[in-house]
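Written below as structure tokens is the structure these notes are about.
Any read-out appearing in this document is the output of simple, stated calculations on the displayed coordinates, not a laboratory observation. Not measured: the values here are computed from a predicted model. Counting neighbours? That spans all protein chains shown, and the Cβs are built from the backbone with ideal geometry, glycine included.
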Amino acid sequence: MKRSACTLGIILAMAGTAVAQMQPFDMSPERSLSSETSTPSLSKPVPSEAPAPGMPVEPLAAPQTVPVSTEPARRYIIPSPEFVLAGEHARRSWSIYLTPEQAASGASINLGYQNAIVVAPEISRLRVTLNGTRLIDSPVASPGTSSGLKADIPDGLLRAGLNDITIESSQRHRTDCTIESTYELWTQIEPSETFLTFDNPDAMRWRRVEDIRAVGVNGSGRTTFNLVAPSMQQATATPGIVRLAQSVALMANMPNQSFDVSEATTRPAMQGDANVIVGTASDLAGILTTLPPGSETAPTIAMIDDPRLGPSNLVVTGPTWEMVSAAVGSLGQQVDRPLEIQRTYLATRPWRTPDVPMLFGAARLKFSDLGIGTLEFSGRRVRTDFAVGVPADFYANAYGETTILLDAAYSQEVLPGSSIDVYVNDNIAATVPITTSGGEILRHLPIKVTMRHFKPGENTIAIEAVLRTKADEVCAPGATALDNGRFVIFDSSEFVMPDYARIGRTPELGGLSGTGFPYGRADNPVALVMDRTQPETLSAATTLLARIAVQAGRLIDVDTVASAAALVGRNALFVTTISQTPPVVLAQLGIGDESRASWGETVASIRPDTQTTFDQWRDRLRGSGWRGQVSRFEEWVNRTFNVTVDTFRIFRSEAPPFVPGGNASLLVASNFNAGGEGTWTLVTAPTVGALREGMDELTSQSGWAELRGHITTFGSATGSVSRIPAEQIEFIETVPYSFSNFRLIAANWLSSNALAYGLAVTVLCIFLGLATAGLLGTFGRRR
Amino acid sequence: MQKLMMIVLWALASAMVIMLITLPISLETQLVAGMSVLFAMMILKLLRPDGIWRLIALAFGTAIVMRYVYWRSTSTLPPLNQPENFIPGFLLYLAEMYSVLMLALSLFVVAQPLAPRPARVRSADDDLPSVDVFIPTYNEEPELLANTMAAAKAMDYPPDKLTVWLLDDGGTLQKRNSEKIGEANAAERRHAELQKLAADLGVIYLTRDRNEHAKAGNLNNGLLHSRGELVAVFDADHAPARDFLQETVGYFGEDPRLFLVQTPHFFLNPDPVERNLRTFEKMPSENEMFYGVIQRGLDKWNASFFCGSAAVLRRGALMETDGFSGISITEDCETAVELHSRGWNSIYVDKPLIAGLQPATFASFIGQRSRWAQGMMQILRFRFPPMKRGLSLAQRLCYASSTLFWLFPFPRTIFLIAPLFYLFFDLQIFTASGGEFLAYTLTYMIVNLMMQNYLYGAFRWPWISELYEYVQTVHLLPAVVSVIVNPRKPTFKVTAKDESIATSRISEIGMPFFIIFGVLVLGVAMTVYKVYAEPFKADVTLVVGGWNIINLIIAGCALGVVSERGEKAASRRVKVSRRCDFKIGNQWLKGTIEDVSVNGARVLVFGAGMDEFAKGNVSELRFKRFADGTEGVLPVTVRNFERTADSIAVGCHYFPSEANHHRLIADLLFANSRQWEQFQLSRRGNPGLIRGTVRFLRLALFQTYRGLFYLWRSIRSKPASTEVATKVAERRA
């Protein structure tokens, strides 16, 4: 996608002279597409051969009727609602997309932050680096209230396209030298006070279609597309609308994107918002003051200003719906990826730099390629992380192990009892105790990291060194300030991924969460079932499909189907309120029919979450008395071997139908369908409002990562997520059969069905015993 | 065709098991699978520990062992770039793989030991082949030889077809003409004495000019002078039972390609380990595992080999190889390898038909074992049975098992030292967490012990193999190393069997055991220290410490082994219960011979008063011979006596003055082989893994205490003990 965007940039640079306020983007619907479909990174500029006879494409200089605010333009840059730098060392890197105008403009950066009171200002630093140049290097000195830092960006530092920003903090405690004290250190960056300011007020105006990539975020890290589709209620329009949303979502690729679909809007786009207007030219006549030129004759894509809607509106139009679809298709062409081409990386730069490599099998990656530089550290606890991606058919959770070959060193003062821990997605996955004193250089020390916590898509692997020293035990005044290096991780360390079992499973929402599986791989359109008449439902469905497309890294065709009967044997997505969901669908997904009536009635009243309360009580009573000791042993066994009562089940019984609890406000369920040929996924809520709100929460970066298992519910009131694992799983073959893959699949299945393995060993051993008896009866002396 | 199908079926089963075993499954599954297998093996053992069920249980065990090997090979070796960890770690790995290899070979060998053969029907006298009996001797006492010769002569066989030869290597011309006058005189005396004794007993005395090729040369000299179709060989202290030839010769008629019928060696006295641990009466002897199971297992694969004595061989076969082979110092096994490779067959008769003596002191026991170990190493080096042409695959595996076994000092040493590497030097030679140890290593160890119990249960109790291997390792390791470095150097040394220990003392070669014990105790102290000082790796420390404690328990038990008990009775007594008459004055009183030994007997005399006995009295014992039913009178001296409920128990010492008296003693001792069998059966019995372990722990605890007590006493009275040691040393010289 990044490459396609670049190509697009080149194309437009070539057409540069013609670039004005408006850039109609026109092409014939069929001919040029069929010749260039193999890859999104087109080597030849599409527009150059696009114009078909009789389809005027030349850009027209439209009168600049829309006044843009004369105040300096702001762009928020923090891609998440919360942004905390915790511990003694923290570092976050990501990229923001700038239009050429933004890059050319004089600019400055503002950083609003607040820190914990225990952070010692004189020895703690906050640093901001942009494109490798340090802009801010300031003491961390804003306890209590939020304060701002400002720095001018040198001319020429910004560039059109992606710009890398790194925020790094080095914090020390005022008085305490314990490991525990490092958890009290935090600096919170305020997303609403952290932004770029462009001197040129016009810099925020978009001129090209792909300038939509510069949509950015609002002051709370979110991105919203106002999708105006006057004909949204027509069934024929839906696939086009969804496809357009997916294309835009893939282009912008921000972490928290949502779509507001409406028939009309008058709202100018805010920071982090973008207006996308789609419809036939006649439809749009009532919305836009001026239609883009050519829209009455040919598929047209244009970025235009509008007196009512403000600047920078993406308009996709044409004389008929077919032409509009063609325009949508050509836009999608820029970002789509053919099914047979695998991604080598996940495009994550808008929230994590560098892009996360996708590992489809055995691989060896140097830390330097994963974005971890050599890191020297003098404090107590240091954490650094990288990310790798695995596909949805990753099936090695139960048995798999990756290896980190760690190049590191620790100094003489580090005491035994220190440790190097590895976390996968914030779950502890390996611990290497430091057992020798006197310092040591570790050369490619193999650390086995369980893959139990791996999930499809992006996985964060953090390495944390916890260092104990004599000096810290004494903790003389000023000891926290000591700056003698204690520990270093070298970027020559490697991450080694073995070949792992690959097979898709359904139902498994984790696959949907990771790479949009199985919809992302479908070669047939996915049936989308929803209530079109409700803009909220349509917005929710569009938001969901955009999210799935971003995860899948490609566009997903949908079609709308009215009857559930037509869905047997097909992949389908249901975005409906619970009462509108067909009973047959609920039954297939294992949801109790009574929830149609009962769910939602209690949702208004906030009932105490029984499970949460129970957990709290259990924690309070843990460890007391002999029963506590027994349960501690149980915990140890559980921790060490992951053995639970579940381990000893061979035949999984059918679970009773699930009824969402009163505190759940959104439910996502998935299952193979009645025909066993496709996967059905339902996103539902008691009301359309709850569905719309819940969908934003679900598709946000944090919510989406929670999706796993057979059913996941989200509680908007409590923020709690609960999951139900799948009892019965269908396997979906995703790679051609090979013995080694089959072996690994068996290993994983047997690892999660321990008793089955025991049984298999028993049966085979009996067979072997009998065969041996037969052999001994045939050979050697017998009597 | 059926054979091929069986092979295919078995290969299929194995391939499937291997496939399942080599799946990289999770720890949790391993734990569950390990537990299920242990459970299945226990159930099988309780229900049916034999036949097909035994094989199924062994298949279970094999699966777990293979899983361990797979895990051990793929996940536990230290990284190559840490040579200080990798090298010892890899050595440990090799040691473990050796153990697994030996287990695999043992499994093959004893997969299905042949059931004892039915007794032979005696064929008509005319058909019987002529037999030469060879009794090679070097320095044994004439009394001992007299018993053996008398027993050999008394064997139930047509006298015209039985010739007994005393092959004396102690009275050769070379010895008699020695430059050392003292030795020459002794040899001359021995030559004359034995010649007379042999003549009295009707045995042909034969000696030679030069002591070339030790025992093999001596036997070949015998072959050169004799003519019999078959040759029976008895060591000087191995007296045959009357039915020895009846039980063995018949097989030669059935198979013209048969070259060997081997019978077990049964010992009347305990070996030093048994004597010092006092287990002789209760527990099967060490060699019973070999003669009770392994030789029967070898017999299934036509690989039972010659053990130097108590065997009958075919002259025709021996002639093919120019007699007994003498490259190695274990000529017996070497000869068998050679003949097996030429297509000759052997069989093993599992019935004790001779009774012999074990070396008495720990030092001579070690000397004997050194000879076996070195000899087997020489065979491995010069003949290399696994690749020897002419041997069947099964025979190759069998001989590989028998010869490679003697490499055990290496792994034993590594197992002993490995935990200390971690405890003292912090070397990570086995990269695994506490949980993995539990799920893999512990299951493996338990399964290993269970498999041993399945294979040898009634013949070898838990942990006894480990003890024997350990006590030998300390002195065998240098011996094996020296033979590997210098394969032609070792020479045949005759094991002394007539020593006795007058006072309790620590063996003259026992000191290393105390030092090792001390180091291991330090290791335990280090474990405790580490657990408290370094709690972050307490799990691994506890596992390694536990391993060290197992070593310590065995080493503690070995302290008892090297603490030689003083002994009143010089030799093993065999229960007999035979009617007799005991002469007091001129009166013959009725009595029962309760037990006998090579030196004397205990007789219950009825109808006599205490005052009629006196210590040192010369008296006579009259009894019917087992052999032919005629009565004989044996002179004895009274050593002690005591009153029992209705009789007086008299301990008396034989006082033989003529050859006929030796025949009587041999008849008392050796005539009835059934009594030996009964004795062996009385000790057999499988105590099971748990009971066996508890027993061993109890034994080890007591023996540790006894060993330390002996040490303390010897330090307190230093001069006295050195005196004893020198005395013994002189005797041996």
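Roughly speaking, what is the stretch gain from B:Ile181 to B:Phe606, that is 0.36 nm per residue apart minus the C-alpha to C-alpha distance, in nm to one decimal? Mind showing how you got there, number by number?
On the way: separation 425, 0.36 × 425 = 153.00 nm, distance 5.34 nm.
Between B:Ile181 and B:Phe606, full extension yields 147.7 nm more.
What is the packing order of peptides B:5-13, A:198-206, taking the mean over residues of other C-beta atoms within 10 Å and listing the highest first?
Values: B:5-13: 15.7, A:198-206: 20.1.
Averaged packing, sorted descending, gives the order A:198-206, B:5-13.
I'd like the Karplus ³J(HN,Hα) series for the stretch A:272-278: coefficients 6.51, -1.76, 1.60, θ = phi - 60°, whole numbers in Hz, and an x wherever there's a Gly or Pro.
The phi angles translate into x, 10, 8, 8, 10, 10, 9 Hz.
Quick one: angle between helix B:673-683 and the longest Cα principal axis of chain B, in degrees between 0 and 90, rounded to 10, please.
Roughly 30 degrees between the two axes.
Calculate the FRET efficiency for B:Ala104 and B:Val485 from the Cβ-Cβ distance with a Förster distance of 25 Å, rounded to the nearest 0.05. It would help to have the intermediate numbers written out before the result.
Values: r = 28 Å, r/R0 = 1.12.
Approximately 0.35, to the nearest 0.05.
Within 10 Å of each residue's Cβ, count the other Cβ atoms and sort A:His444, B:His653 from fewest upward.
Numbers: A:His444 18, B:His653 15.
Final ranking by Cβ density, sparse to dense: B:His653, A:His444.
Taking neighbour counts of Cβ atoms within 10 Å as a proxy for exposure, in what order, fewest first, do B:Asp168, A:Asp369 appear? Intermediate results must be reported in sequence, preceding the final value.
Details: B:Asp168 27, A:Asp369 14.
Fewest-to-most ranking of B:Asp168, A:Asp369: A:Asp369, B:Asp168.
Quick check: pseudo-label points 7 Å beyond the Cα along Cα→Cβ at A:Ser368 and A:Glu440, how many nm apart are they?
2.6 nm
Label the stretch B:46-155 by shape, choosing from rounded, prolate and oblate, from the square roots a ≥ b ≥ c of the eigenvalues of the Cα gyration tensor; if a/c is under 1.5 it is rounded, and otherwise prolate applies when a/b is larger than b/c, oblate when it is not.
Since a/c reaches 1.5 but b/c is at least a/b, the shape of the stretch B:46-155 is classed as oblate.
Cα-Cα over 24 Å: which of A:Lys366/A:Lys448; B:Lys180/B:Lys493; B:Lys282/B:Lys575; B:Lys153/B:Lys180; B:Lys493/B:Lys575? Kindly include the intermediate steps, with their values, before the conclusion.
Details: A:Lys366/A:Lys448 16 Å; B:Lys180/B:Lys493 20 Å; B:Lys282/B:Lys575 15 Å; B:Lys153/B:Lys180 35 Å; B:Lys493/B:Lys575 33 Å.
Among A:Lys366/A:Lys448; B:Lys180/B:Lys493; B:Lys282/B:Lys575; B:Lys153/B:Lys180; B:Lys493/B:Lys575, the Cα-Cα distance tops 24 Å for B:Lys153/B:Lys180; B:Lys493/B:Lys575.
What does the structure give for B:10-23 when I average, per residue, the other chain Cβ atoms found within 10 Å of the residue Cβ? Write down the numbers at each step before the final one.
On the way: counts 11, 2, 3, 11, 5, 1, 6, 7, 2, 4, 10, 3, 2, 12.
Average per residue, whole number: 6.
Cα centroids of the stretch A:704-754 and the stretch A:119-196: how far apart, whole angstrom?
Result: 39 Å between the Cα centres.
Find how many whole Å separate the alpha carbon centroid of the stretch A:483-504 from the alpha carbon centroid of the stretch A:389-466.
With the stretch A:389-466 and the stretch A:483-504 each reduced to a Cα centre, they are spaced 7 Å.
Please identify every one of the chymotrypsin sites (Phe, Trp or Tyr not before Pro) in the stretch A:671-757 that sits in a loop by DSSP and has no more than 11 other beta carbons within 10 Å of its own beta carbon.
Working: sites: A:Phe672, A:Trp680, A:Trp704, A:Phe714, A:Phe731, A:Tyr737, A:Phe739, A:Phe742, A:Trp749, A:Tyr757; in loops: A:Tyr737.
Those that pass, being in a loop and sparsely packed, are A:Tyr737.
Please report how far the C-alpha centroid of the stretch B:322-379 lies from that of the stretch A:248-284, rounded to the nearest whole angstrom.
Distance between centres, Cα-based: 95 Å.
What GluC sites (Glu not before Pro) in the stretch B:626-682 are in a loop by DSSP, with at most 15 other Cβ atoms within 10 Å of the Cβ? Walk me through the intermediate numbers first.
Numbers: sites: B:Glu631, B:Glu642, B:Glu658, B:Glu677; in loops: B:Glu658.
When the GluC sites (Glu not before Pro) of the stretch B:626-682 are filtered for loop state and at most 15 Cβ neighbours within 10 Å, B:Glu658 remain.
How long is the gain from B:Lys493 to B:Arg389 if the chain were fully straight, where each residue apart is worth 0.36 nm and the alpha carbon distance is subtracted? Before the final figure, lay out each step's value.
Numbers: separation 104, 0.36 × 104 = 37.44 nm, distance 3.06 nm.
Result: 34.4 nm gained on full extension.
Check A:Ser418: other-chain or 5+ apart residues with amide H under 5 Å from its amide H, H built from backbone geometry?
A:Ile434, A:Arg468
Taking the highest mean first, how do the peptides B:173-181, B:329-337, B:366-374 order by number of other beta carbon atoms within 10 angstrom per residue?
Working: B:173-181: 13.8, B:329-337: 26.1, B:366-374: 21.4.
Put in order of decreasing packing, that is B:329-337, B:366-374, B:173-181.
Rounded to the nearest 0.05, what FRET efficiency is calculated for A:Ala674 and B:Leu708 with R0 set to 51 Å and r the Cβ-Cβ distance?
The formula returns an efficiency of 0.05 here.
Taking θ as phi - 60°, what are the ³J(HN,Hα) couplings along the stretch A:204-210 by the Karplus curve (6.51, -1.76, 1.60), each to the nearest whole Hz, with x for Gly and Pro?
7, 7, 8, 10, 10, 4, 6
Which of rounded, prolate or oblate describes the stretch A:739-778 when judged by the alpha-carbon gyration tensor and an a/c cut-off of 1.5?
Here the stretch A:739-778 falls in the oblate category.
Would you mind giving the mean number of other chain beta-carbons within 10 Å of the Cβ of each residue in A:429-441, as a whole number? Show your work: numbers first, answer last.
Numbers: counts 0, 1, 2, 0, 4, 2, 8, 3, 1, 0, 0, 0, 0.
Taking all residues of A:429-441 together, the mean is 2.
May I ask you to derive the relative contact order of the stretch A:356-503, considering only C-alpha pairs under 8 Å and at least 6 residues apart, and to give it as an integer percent? Mind showing how you got there, number by number?
Numbers: 374 pairs, mean separation 62.7, N = 148.
It comes to 42 percent, rounded to a whole number.
Given axes a ≥ b ≥ c from the Cα gyration tensor, I'd like to know whether the stretch A:234-382 is rounded (a/c under 1.5), prolate (a/b larger than b/c) or oblate. Walk me through the intermediate numbers first.
Numbers: a/c = 3.49, a/b = 2.01, b/c = 1.74.
The shape class here is prolate.
List every residue whose amide H lies under 5 Å from the amide H of B:Ser130, counting only residues 5 or more places away in sequence or on a different chain, with H placed 1.01 Å from N in the peptide plane.
B:Glu229, B:Leu230
Summing -39500 (n - 2.57) over the DSSP H runs of n ≥ 4 in chain B and dividing by its residue number, what mean residue ellipticity at 222 nm do you reach, to the nearest 500 deg cm²/dmol? Can you show the working numbers first?
Numbers: 26 runs with 384 residues, N = 733.
Helices in chain B give a 222 nm mean residue ellipticity of -17000 deg cm²/dmol.
Let's see if you can work this out: charge +1 on each Lys and Arg Cβ, -1 on each Asp and Glu Cβ, no other charges. What is the dipole magnitude of chain B about its Cα centre, in debye to the nearest 20?
Details: 78 positive and 68 negative charges, 187 e Å.
So the magnitude is around 900 debye.
Mind giving me the FRET efficiency for A:Lys448 and B:Met35? R0 is 22 Å, r the Cβ-Cβ distance, nearest 0.05 is fine. Working shown, then result.
Working: r = 23 Å, r/R0 = 1.06.
E between A:Lys448 and B:Met35, to the nearest 0.05, is 0.40.
Order these peptides, B:481-491, B:226-236, A:393-403, by their mean beta-carbon neighbour count within 10 angstrom, highest first.
Details: B:481-491: 13.7, B:226-236: 21.2, A:393-403: 24.1.
Order by mean packing, descending: A:393-403, B:226-236, B:481-491.
Out of residues 5 or more away from A:Glu190 or on other chains, whose amide H comes under 5 Å of its own, with H placed 1.01 Å from N in the peptide plane?
A:Gly112, A:Tyr113, A:Gln114
Within the protein assembly as shown, what percent of beta bridges assigned by DSSP are antiparallel, to the nearest 5? Walk me through the intermediate numbers first.
Working: 165 of 219 bridges.
Here the share of antiparallel DSSP bridges comes out near 75 percent.
Subtracting the Cα-Cα distance from 0.36 nm times the residue separation, let me have the gained length for B:Arg189 to B:Ser657 in nm, one decimal.
Once the chain is fully extended between B:Arg189 and B:Ser657, it gains 166.7 nm.
Under the definition of partner shielding as Cβ atoms of other protein chains within 10 Å of a residue Cβ, what is the mean value for peptide B:57-65? Walk me through the numbers before you get to the answer.
Working: counts 3, 4, 12, 7, 1, 4, 5, 2, 0.
Partner Cβ neighbours, averaged per residue: 4.
Pop a pseudo-label 7 angstrom from the Cα along the beta-carbon direction at both B:Tyr532 and B:Arg674 and give the gap in nm to one decimal.
That separation, rounded to one decimal, is 6.5 nm.
At B:Arg643 and A:Glu263, where each label point lies 7 Å from the Cα along Cα→Cβ, what is the point-to-point distance in nanometres?
So the two model labels end up 13.0 nm from each other.
Going by how many other Cβ atoms sit within 10 Å of their own, how do A:Leu528, B:Leu144, B:Leu47 line up, fewest first? The partial results should precede the final answer.
Details: A:Leu528 25, B:Leu144 17, B:Leu47 9.
So the ranking, lowest neighbour count to highest, is B:Leu47, B:Leu144, A:Leu528.
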